[in-house]
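Below: one structure, written as structure tokens.
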Amino acid sequence: MMQQYVEQHDGGYWITGSRVSLDSVVYAFLEGLSPESIVDSFEALTLEQVYGAIAYYLGHRADIDAYLKQSEAEFDEFCRRAREAHPLLYQKLEDARRRRRGEAAHESAVPS
């Protein structure tokens with residue numbers, strides 16, 4: 001009997017029987033993580049599920065890569081619209097990042 005490791009619903013791909021997206025496993029795999037390391041990162045998954053998800057990805061690589069690219073484009077568009085809708089918030093966040101970077105640079109330049 002064939003085991004189904006990936007299911008498609010709600011506009012995405014999911015590891016069957018879990019709330020873990022295929023995206024999460026694929027990105028970890030593409031970053032060079034071993035299946036064992038991926039299991040360590042997603043305790044809800046078994047090693048069998050991770051290998052099954054990777055096999056699914058490799059068997060449907062063109063479709064999944066296109067899906068991931070589309071998801072990234074949608075996320076980028078969402079971020080762009082959020083920045084346009086809330087410019088003051090994003091300015092405050094950027095100012096806080098700059099201050100934090102400045103403090104970190106100052107701390108590393110001061111001898112102990």
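Taking the stated definitions as given, is SER71 under 30 Å from LEU93 (Cβ atoms) and either within 14 Å of the chain's Cα centre (by Cα) or not in a helix (DSSP H, G or I) (or both)? The answer is yes for SER71. Of all residues in the range 75-105, those that are surrounded by 11 or more Cβ atoms within 10 Å (Cβ to Cβ) and within 15 Å of the chain's Cα centre (by Cα) total 0. Among residues that are surrounded by 11 or more Cβ atoms within 10 Å (Cβ to Cβ), in contact (Cβ under 8 Å) with a residue 24 or more places away in the chain, not in a helix (DSSP H, G or I) and not charged (D, E, K, R), SER18 is included. Residue count for the range 21-33 satisfying the condition of being surrounded by fewer than 13 Cβ atoms within 10 Å (Cβ to Cβ) and in a loop (DSSP other than H, G, I, E, B): 2. Quick check: anything in the range 49-65 surrounded by 13 or more Cβ atoms within 10 Å (Cβ to Cβ) and in contact with a Lys or Arg (Cβ under 8 Å, 6 or more places away or on another chain)? The answer is no; no qualifying residue exists. Given the structure, is GLU48 more than 18 Å from the chain's Cα centre (by Cα) and at pLDDT 95 or above? The answer is yes for GLU48.
The values are calculated or read from the model by the stated rules, or taken from the named source; none is laboratory data. Keep in mind that what you see is a predicted model, and the values were worked out from it rather than measured. No Cβ is skipped: glycine too gets one built from the backbone with ideal geometry, and neighbour counts run over all protein chains shown.
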